[in-house]
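Chemist: Mind looking over this structure? Questions follow.
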């Protein structure tokens with residue numbers, strides 16, 4: 001039986017051949033540039049895909065939160081994990097220390113308060129923690145301004161026992177605002193150059209900087225063109241999504257993860273209701289065109305509204321044959337929060353379900 | 001220790017006294033109008049709150065999906081459940097039949113295709129299923145146009161063995177677009193009147209219509225003012241949210257569920273980063289003011305952007321004392337998808353954590 005009939009809906013379907021291709025493309029590119037891929041686990045949160053990334057050459061993974069790291073360490077895939085985020089609070093510092101007994105950990109810092117707490121805890125436990133400084137190259141989220149501010153924190157860290165400064169990182173997520181591929185390349189290059197210049201400033205002041213780390217799938221082939229970037233931390237690239245293909249570098253055929261959904265109502269000729277709403281697709285907007293996802297079978301149809309368990313699709317003439325019970329595939333606007341809503345993903349190959357993978361890091365927000 | 005220190009973040013915190021008050025206000029109002037509350041479980045998905053609703057007088061519950069119903073039936077709270085949604089597909093019909101062995105089920109229908117499949121399955125199993133017809137009173141999602149279209153389907157249902165028509169329902173969710181309380185009342189009244197007129201049309205044609213059911217928390221005290229409405233199906237009212245208090249009928253003091261979050265970075269005087277992003281707050285927009293939630297301690301501060309694990313807060317002068325490690329409470333824009341992102345909620349009373357409730361229906365999207 002084909003997967004469209006075999007599975008109940010709504011559910012996550014992963015096209016395994018596309019997934020493998022995506023993982024290989026990134027690994028191949030990184031090798032060609034002589035840099036590391038430290039793949040972000042937030043996108044898939046799945047041991048099987050982590051293993052695929054490891055087998056393609058990754059020796060370390062990135063996580064957003066300790067909970068994600070704990071799930072991944074439990075699966076035993078990587079010996080080193082970078083938390084590309086600040087660790088703040090007594091409960092979390094305790095969990096970090098416990099993780100350090102199991103794998104090599106690296107943690108981001110962007111200010112003296114959080115760093116001091118990490119230092120105190122490491123000293124009390126007789127441990128040394130590797131840290132990297134988060135740099136703000138334009139996203140204006142966390143992170144220090146490139147240059148002198150980073151040097152100041154590096155000097156403070158040097159005075160904090162139990163911490164060892166290993167490098168610097170940025171998440172150049174603001175490239176997603178670019179309207180064209182050329183604009184994206186330019187914004188990414190600027191971010192990469194600011195990061196490398198800061199690394200060189202630290203080196204000129206006597207710091208050993210091994211890691212100069214850029215993030216973000218949209219900029220994966222752009223920021224990394226800057227000489228001096230040593231690694232990247234893409235996440236979304238394993239699946240890609242409706243955001244990824246808007247600037248025309250890839251198309252829906254490179255989107256490995258889709259939501260399989262059923263038409264449950266046809267209240268009027270130009271409207272179909274599917275059983276995937278915001279609790280399945282997530283509410284992230286599309287940067288390219290209006291709507292809550294890309295319908296693979298009917299690219300000209302628009303998911304005009306979603307409520308929690310309903311998707312409302314406006315049907316152009318050519319899609320009006322859709323009937324109650326029909327199943328269609330939707331590529332989500334942003335795949336990461338979509339995956340985070342489900343407990344498992346179904347893997348298909350040659351039209352058949354070949355595996356079911358647990359999303360072990362789902363909901364690990366702490 | 002106070003709950004703000006005892007809990008790790010981000011997490012869901014339920015203020016039990018507010019929750020109890022909200023449940024009682026709705027139960028009291030419904031009794032005063034002589035109508036039933038068939039509370040929607042999609043909001044909390046939690047056995048403890050279902051019991052609270054039952055103890056306040058509800059004899060039946062509403063669910064959006066079979067998965068929610070299965071979780072609730074497992075907890076043994078209600079003997080009757082309405083699925084206020086279409087059931088389509090072989091797998092789901094099988095699960096519905098299994099649920100019918102355990103509790104009394106009622107299911108929405110809005111067209112002959114889904115109804116015919118239910119009829120065939122019930123006949124084969126020697127069972128009778130209660131159905132209600134979904135009517136579109138203006139939301140333009142699923143449901144039939146009030147009046148003749150409903151009568152036509154009622155006549156078709158009458159010819160389908162194994163089905164018994166019990167009534168009609170609407171979800172007047174379009175009231176949420178109203179800009180003022182008066183406008184909301186007017187839109188809700190119009191929806192209620194269309195529903196009652198349709199019920200009377202069916203009765204005039206010989207159908208016995210016991211259930212005339214309205215939905216939606218924002219319209220709970222409005223649609224139900226129309227004589228002839230026999231029940232309502234509010235969900236959000238147990239917690240309320242940033243959407244609920246925008247038109248001024250209730251304030252944040254009636255919002256029982258908040259996200260406890262920690263400041264993890266203070267990159268500039270007017271910016272704070274918290275550890276709650278879209279994977280915690282959900283991405284639903286606010287209908288009242290820009291931003292991704294209402295900060296209880298600093299109502300004038302705005303959560304200007306969220307990414308998956310970060311909230312970016314713009315701080316007005318009076319909030320600039322916020323420092324790394326501080327904890328604040330956020331009332332989400334839309335509480336239902338927010339709850340759906342976590343596995344548990346922590347219950348607080350008199351500043352202490354008094355319980356932890358499992359969100360048993362979380363992620364039951366099928």
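All of the numbers you see were taken from the coordinates with simple rules; none came from a lab. Everything numeric here is computed off the predicted structure, so don't read it as measured data. Don't worry about glycine lacking a Cβ; one is built from the backbone with ideal geometry, like all the others, and counts go over all protein chains shown.
Chemist: Taking the Cβ of each residue in B:55, A:130 as the centre, tally the other Cβ atoms inside 10 Å and list the residues starting with the fewest. Please list the in-between numbers first.
Modeler: Values: B:55 11, A:130 18.
If I rank by nearby Cβ atoms, fewest first, I get B:55, A:130.
Chemist: To the nearest whole percent, what portion of all C-alpha pairs in segment B:308-362 is separated by more than 14 angstrom? Don't jump to the answer; show the numbers that get you there.
Modeler: Numbers: 1060 of 1485 pairs.
Everything past 14 Å amounts to 71 percent.
Chemist: Ok, one more. What share of all Cα pairs of segment A:51-195, in percent, falls into each consecutive 5 Å distance bin?
Modeler: Computed distribution, short to long bins: 2, 10, 18, 19, 18, 15, 11, 5, 2, 0, 0.
Chemist: Once you sort the root eigenvalues of the Cα gyration tensor of segment B:153-292 as a ≥ b ≥ c, which label holds: rounded (a/c under 1.5), prolate (a/b larger than b/c) or oblate (the other case)?
Modeler: Judged from the Cα gyration tensor, segment B:153-292 comes out prolate (a/c at least 1.5, a/b above b/c).
Chemist: How many percent of Cα pairs in segment B:269-317 exceed 18 Å? Don't skip to the end; give the middle numbers.
Modeler: Numbers: 245 of 1176 pairs.
Of the Cα pairs, 21 percent sit more than 18 Å apart.
Chemist: Return the average number of partner chain Cβ atoms within 10 angstrom of each residue Cβ along peptide A:103-116. Walk me through the numbers on the way to the answer.
Modeler: Working: counts 0, 0, 0, 0, 0, 1, 1, 6, 6, 1, 7, 5, 1, 1.
Neighbouring Cβ atoms belonging to other protein chains average 2 per residue here.
Chemist: Using a 10 Å cut-off around each Cβ of peptide A:266-279, what is the average number of partner chain Cβ atoms that fall inside?
Modeler: Working: counts 5, 11, 4, 0, 0, 3, 1, 7, 1, 10, 1, 4, 7, 12.
Per-residue shielding by partner chains comes out at 5.
Chemist: Helix B:148-158 versus the longest principal axis of chain B: what is the Cα-based angle in degrees, 0 to 90, to the nearest 10?
Modeler: With both axes taken from Cα atoms, the answer is about 60 degrees.
Chemist: Using the 7 Å Cα-to-Cβ label point, sort the distances from residue B:320 to its equivalents in the other copies shortest first and give them in nm to one decimal.
Modeler: 6.1
Chemist: Further question: Under the classification rounded if a/c is under 1.5, otherwise prolate if a/b is larger than b/c and oblate if not, where does segment B:1-93 fall, given a ≥ b ≥ c as square roots of the Cα gyration tensor eigenvalues? Each step should come with its number before you reach the end.
Modeler: Numbers: a/c = 2.61, a/b = 1.28, b/c = 2.05.
Since a/c reaches 1.5 but b/c is at least a/b, the shape of segment B:1-93 is classed as oblate.
Chemist: If you take every DSSP beta bridge fully contained in chain A, what fraction is antiparallel? Give it as a percent rounded to 5.
Modeler: Numbers: 27 of 59 bridges.
That works out to approximately 45 percent antiparallel.
Chemist: Taking a cut-off of 27 Å, what percent of all Cα-Cα pairs in segment B:224-366 are separated by more than that? Display every interim value, and only then the final one.
Modeler: Values: 2544 of 10153 pairs.
The share of Cα pairs beyond 27 Å in segment B:224-366 comes to 25 percent.
Chemist: Per DSSP H run of n ≥ 4, the term is -39500 (n - 2.57); total these for chain B, divide by its residue number, and report the mean residue ellipticity at 222 nm rounded to 500 deg cm²/dmol. Walk me through the numbers before you get to the answer.
Modeler: On the way: 10 runs with 110 residues, N = 366.
It lands at -9000 deg cm²/dmol.
Chemist: Roughly how many nanometres apart are two label points built 7 Å out from the Cα toward the Cβ at residue B:210 and residue B:289?
Modeler: 4.8
Chemist: Can you bin segment B:63-121 into rounded, prolate or oblate? Criterion: square roots of the alpha carbon gyration tensor eigenvalues sorted a ≥ b ≥ c, rounded for a/c under 1.5, prolate for a/b above b/c, oblate for the rest.
Modeler: Working: a/c = 2.09, a/b = 1.78, b/c = 1.18.
Cα axes put segment B:63-121 in the prolate bin.
Chemist: Based on the alpha-carbon gyration tensor of the protein assembly as shown, what equivalent-ellipsoid semi-axes (square roots of 5 times the eigenvalues) come out, in whole Å, largest first? Provide the component values of the computation, followed by the final result.
Modeler: Numbers: eigenvalues 440, 167, 95 Å².
In descending order the semi-axes read 47, 29, 22 Å.
Chemist: Considering every residue in A:286-294, what mean count of other chain Cβ atoms within 10 Å of its Cβ is obtained?
Modeler: 0
Chemist: For residue B:145 paired with residue B:29, estimate the spin-label separation in nm (one decimal), with each label point 7 Å from Cα along the Cα-to-Cβ line.
Modeler: 3.2
Chemist: Report, to the nearest 10°, how far helix A:90-100 tilts away from the longest principal axis of the Cα atoms in chain A, using its own Cα long axis and a range of 0 to 90°.
Modeler: Helix A:90-100 and the main axis of chain A meet at about 90 degrees.
Chemist: Turning to a different aspect of this structure: Over all directions, the average projected area of the alpha-carbon convex hull for chain B comes to how many nm²? It would help to have the intermediate numbers written out before the result.
Modeler: Numbers: hull surface 71.7 nm².
One quarter of the hull surface, i.e. the mean projection, equals 17.9 nm².
Chemist: OK, next. What is the diffusion coefficient of segment A:161-219 in µm²/s, taking the Kirkwood radius over Cα pairs and the Stokes-Einstein relation at 10 °C with a viscosity of 1.306 mPa s?
Modeler: Result for D is 127 µm²/s.
Chemist: Another question about this same structure. Considering only DSSP beta bridges whose two residues both sit in the protein assembly as shown, what percent are antiparallel, to the nearest 5?
Modeler: Close to 45 percent.
Chemist: Most exposed first by the Cβ proxy, i.e. fewest other Cβ within 10 Å, how do B:100, B:345, A:1 rank? Spell out each step's value before the answer.
Modeler: Working: B:100 17, B:345 25, A:1 9.
Going from least to most buried by this count: A:1, B:100, B:345.
Chemist: Also, I was wondering about something else. What ranking do B:288, B:265 get, fewest neighbouring Cβ atoms within 10 angstrom at the top?
Modeler: On the way: B:288 15, B:265 28.
With the sparsest Cβ surroundings first, the list reads B:288, B:265.
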